[in-house]
Every structure is written in C-alpha cells, then in structure tokens.
1. Just to be sure before I move on: is LEU92 within 20 Å of GLU9 (Cβ to Cβ), under 19 Å from the mean Cα position of the chain (by Cα), assigned to a loop (DSSP other than H, G, I, E, B) and aliphatic (A, V, I, L, M) in the structure I sent?
2. Going through the range 135-174 one residue at a time, which ones are open to solvent by less than 60 Å² (accessible area, probe 1.4 Å), part of a helix (DSSP H, G or I) and in contact (Cβ under 8 Å) with a residue 60 or more places away in the chain?
3. What's the number of the only condition in (1) aliphatic (A, V, I, L, M); (2) more than 18 Å from ASN157 (Cβ to Cβ); (3) open to solvent by less than 50 Å² (accessible area, probe 1.4 Å) that LEU124 fails to meet?
4. Tell me which residues, restricted to the range 144-164, are at pLDDT below 80 and farther than 18 Å from ILE17 by Cβ.
Amino acid sequence: INAFQTYDEARILDQFIAAFNLAESPGDAEHYRILARDIAADLAEAVVEHNLSLFEAYNRRAEFLTEKQLKDGDSFLIHLKTLARLKAFSTLEGIDLYSIMQTGGCVYIVGDDGAIIKKAQKMLLQCIMDEVKYSANTSRKFVSIFLDEAKHMISKNLFAGLGQTRSRRCNILLAHQS
C-alpha cells in the first residue's frame with residue numbers, strides 16, 4: 001500500500017500524527033511530540049516533493065532533516081524505521097484507496113495487537129477516513145469499511161470517523177470477539 005498516493009503534505013502529516021500519537025496534548029511529553037511533529041512535517045514535505053514511499057523517506061532522512069532533528073528525534077525515527085520496514089509500506093504502487101472510494105465497495109481491515117501493526121492500522125485508517133472526508137459525496141458510490149478485531153484499532157481517529165461517515169455515503173462495521 002502506498003499510504004501517500006496522491007496526498008499532499010497536510011494529509012501525510014495527519015497520517016504520521018495518527019500512527020505515532022503525535023496530537024497536541026498537555027504534559028511533559030509535549031516537548032518530544034513537538035519535535036516529532038516537526039520531523040514528520042519535514043518528511044511529509046520530502047515525500048510529496050520527491051514522490052517517496054515511507055521506506056524511501058526513512059532511508060533518505062539525512063537528506064531532508066537537520067543534524068539536530070536526526071540527533072534529538074531518534075526515538076521517533078526508530079519507530080518510523082520499524083514501520084517503514086513493513087513490506088506493505090515499501091512501495092509507490094499498490095491498492096488505490098481513492099479508486100475504491102469512487103467506485104464503491106468494501107475495505108476490509110483485520111486488527112492485530114502487535115505494536116507496529118497497530119501503527120500501520122492507524123495510518124491506514126487515517127488514509128481511509130481522509131478519502132471519506134475529502135471525496136465528493138454526490139459523485140461517490142457507497143463504501144463500507146469493515147474493521148475485524150476492531151478492539152485493536154480503537155483510537156480517537158476511529159471515533160472521529162464514526163461521526164463523519166453517516167453523512168458521507170459510508171458506513172463502518174465493527175466486528176469483535178469477547
């Protein structure tokens with residue numbers, strides 16, 4: 001999956017924020033989230049400017065980030081590296097979510113409790129929610145999003161998505177076991 005296909009910097013940054021829990025939040029850790037958001041914004045700009053996959057963006061990070069970002073942002077970069085190594089995110093091709101959203105159908109995601117997979121699921125869910133949010137409601141066919149083992153995908157973005165879908169020709173089906 002190219003999670004960045006046809007996206008601008010703002011939408012790619014939103015995906016990073018969702019995947020790595022970088023939303024603004026009061027507390028001591030906000031200092032680190034500010035740095036991580038800064039790094040994510042610079043990488044999002046590079047992805048768009050150079051048409052990069054997540055894997056390529058990570059591997060070429062030294063071209064796009066300052067020495068200070070590389071040094072002080074090592075925690076965020078380690079998490080990014082782990083996500084970038086997933087084969088599903090090392091391509092510029094793959095599933096075109098925009099086409100699915102325009103022609104209708106069902107997007108099926110199976111939840112998993114692995115830490116890195118959860119980050120990938122959050123990023124993918126953000127992609128899908130963006131497509132629902134930004135695609136034209138009048139011309140788009142109805143789309144269903146089926147989240148199996150949904151307990152592994154519970155996040156603020158999922159709850160926001162549940163509130164957005166009803167008026168946007170989309171529904172979300174949640175399946176879970178005890």
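1. Details: within 20 Å of GLU9 (Cβ to Cβ): yes; under 19 Å from the mean Cα position of the chain (by Cα): yes; assigned to a loop (DSSP other than H, G, I, E, B): yes; aliphatic (A, V, I, L, M): yes.
Yes, satisfied.
2. Within the range 135-174, ASN157 is the sole residue that qualifies.
3. (2)
4. none
The values are calculated or read from the model by the stated rules, or taken from the named source; none is laboratory data. All values derive from a computational prediction rather than experimental measurement. All Cβ positions, even for glycine, are placed from backbone atoms using ideal geometry, and neighbour counts span all protein chains on display. Just the protein is used for accessible areas: all its heavy atoms, side chains included, with ligands, DNA and RNA removed. Shrake-Rupley method; radii C 1.70, N 1.55, O 1.52, S 1.80 Å.
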